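For reference, the structure discussed in these notes is given below.
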Amino acid sequence: MRGRVLLWISLSLNVALAAVLLRYPYSRVALEKNDTPAARPVPDDPGKVYKTNVVVRRQNFTWSEIESVDYPTFIANLRAIGCPESTIRDIIVADVNQQFARRRATEVVTAEQQWWRSEPDPDVTEAASEKLTALEEERRTLLTTLLGPEWESSYYPYPAHPNSPPLDGPVLGGLPARIKQVIRDAESRAAERRQAYLDALQKEGKQPDPSELAKISQQTRSELAQVLSPEQLEEYLLRYSSNASALRNQLNGMNLTPGAFRNLFRLTDGLDQQLQLLAGSTDPAEAKRRQELEHQRDQVIQQAFTPAEYKKYKLLQDPIYRDANTVAQQSGAPPEKVFPLYEINRATEQEQQTIRNDASLTDEQKAQKLEAVLRAHQNALRKLLGEEIFQRYLQQNTKP
């Protein structure tokens, strides 16, 4: 009886130890063994012969004896030491979920990972959705096969941080959980600093200073640089920084390669940071420095492009051209119609502005002239686009 009690105590202690080790699945932590059989003291009388039953038993188990890369074997080993079914389920579900979370982060190519594109690629979005669906089906099938349908009572958080940008892809997806949490903490502190600054200004009735907001962003960059390699930090900035977002907006319509966008970001990011620190300044010396930086930024972009590309880039900075390009795409107009459409819209805008600024005209006269300009604008577009595309154009944008 005493031996049985000791055996159950030993098993209970090992189960408890296994539960502690659940937090570190698949680690190679070994427990100290004690396989020495229990022996009785030597009797005082050597002349007498004593018979005894010696029970050889295992006092402890090692985790390496229990765990296995093969899930069925792993489950069998856990059951062999008396691990409760609910605990086995939690162990296996947690381990499988961890593996599939890593696969989601490293195998799925999402539109957000293509930081060089101004507009998301619908084919990539569709492929990512299909891949996520396949992985989820694979995960659920595996767990159902291993544990039966009851595993679904376990919690499976996805995404882990729904309000934060995903840290996935070949560079960020493989980061350890600890580093990802450090990034999340840095993002949270940045958001808190920004909100505290804006709240304080609102109480005082003041407008935000762009240079102060830029300092908050730079502080966050410095914090991230402490835990990320240069390659990892650049990947993060290419995907989530305001400078990269602004650059994507400026290049919308250029269809750059990843290498070309990365090169432009490297050329302009430092200049943009300096410009942001000088934003809103009324000091003459700082205003002059801002002009120099803006000229330098334009020069590096011009050098990165061919003359034709640079001309297109400059056109894309004109809101009228961008509107014409967008509306032409939405209405189905061929690419060669974009520039003539832009020139018609620009001439119309200039003529309308001249009429509005003419102090010699009454409001009624202005309205009549503006209506005549609108009719002329529509006639020009009908002639340029053809009736079918023109009607679609009107549906997209009735205001010239």
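Among (1) more than 21 Å from Pro319 (Cβ to Cβ); (2) crowded, with 16+ Cβ neighbours inside 10 Å; (3) of a type in the set (Lys, Arg), there is one condition Lys215 misses while meeting the rest; what is its number?
Evaluating Lys215 over (1) more than 21 Å from Pro319 (Cβ to Cβ); (2) crowded, with 16+ Cβ neighbours inside 10 Å; (3) of a type in the set (Lys, Arg) leaves (2) as the failure.
Please find, within the stretch 136-158, the residue that is modelled with the lowest pLDDT out of those that are open to solvent by 50 Å² or more (accessible area, probe 1.4 Å) and of a type in the set (S, T, N, Q).
Result: Ser153.
Within the stretch 81-98, can you find the residues that are of a type in the set (Val, Ile, Thr) and open to solvent by 20 Å² or more (accessible area, probe 1.4 Å)?
The one that is of a type in the set (Val, Ile, Thr) and open to solvent by 20 Å² or more (accessible area, probe 1.4 Å): Thr87.
Please give the helices (runs of 4 or more DSSP H) falling wholly within the stretch 324-400 in which 2 or more residues are within 45 Å of the chain's Cα centre (by Cα) and under 24 Å from Tyr313 (Cβ atoms).
The helices (runs of 4 or more DSSP H) meeting that bar are 338-357.
Take the stretch 108-135 and flag every residue that is surrounded by fewer than 17 Cβ atoms within 10 Å (Cβ to Cβ), touching a helix residue (DSSP H, G or I) at 6+ places or on another chain (Cβ under 8 Å) and closer than 25 Å to Tyr71 by Cα.
Lys131, Leu132, Leu135
Report yes if Ala347 is in contact with a Lys or Arg (Cβ under 7 Å, 6 or more places away or on another chain) and of a type in the set (Gly, Ala, Ser), otherwise no.
no
Got a number for residues in the stretch 160-189 being in a helix (DSSP H, G or I) and either closer than 20 Å to Pro230 by Cβ or within 13 Å of the chain's Cα centre (by Cα) (or both)?
So the count comes out to 12.
Tell me which of these Leu315 doesn't satisfy, since it passes every other one: (1) open to solvent by less than 40 Å² (accessible area, probe 1.4 Å); (2) in contact (Cβ under 8 Å) with a residue 60 or more places away in the chain; (3) closer than 17 Å to Asp298 by Cβ.
Exception for Leu315: condition (2).
Is it true that Ala101 is of a type outside the set (Lys, Arg), without any contact (Cβ under 8 Å) to a residue 60 or more places away in the chain, crowded, with 17+ Cβ neighbours inside 10 Å and under 27 Å from Ala76 (Cβ atoms)?
yes
Collect the residues in the stretch 222-268 that are of a type in the set (D, E, K, R) and surrounded by fewer than 18 Cβ atoms within 10 Å (Cβ to Cβ), keeping them in residue-number order.
The answer is Glu223, Glu231, Arg262, Arg266.
Is it the case, given these coordinates, that Arg392 is in contact (Cβ under 8 Å) with a residue 12 or more places away in the chain and open to solvent by 40 Å² or more (accessible area, probe 1.4 Å)?
So Arg392 passes the test.
From the list Val327, Val373, Val338, which one is open to solvent by less than 50 Å² (accessible area, probe 1.4 Å) and touching an Asp or Glu at 6+ places or on another chain (Cβ under 6 Å)?
Residue meeting the stated conditions: Val373.
In the stretch 270-279, is there at least one residue being more than 28 Å from the chain's Cα centre (by Cα) and either farther than 30 Å from Val327 by Cβ or of a type in the set (A, V, I, L, M, F, W, C) (or both)?
Yes, the stretch 270-279 contains at least one residue that is more than 28 Å from the chain's Cα centre (by Cα) and either farther than 30 Å from Val327 by Cβ or of a type in the set (A, V, I, L, M, F, W, C) (or both).
The values are calculated or read from the model by the stated rules, or taken from the named source; none is laboratory data. These numbers were taken from a predicted model, which means no experiment stands behind them. In this analysis, Cβ positions are derived from the backbone assuming ideal geometry, glycine residues included, and neighbour counts consider all displayed protein chains. Only protein heavy atoms, including side chains, enter the accessible area calculation; ligands, DNA and RNA are left aside. Shrake-Rupley method; radii C 1.70, N 1.55, O 1.52, S 1.80 Å.
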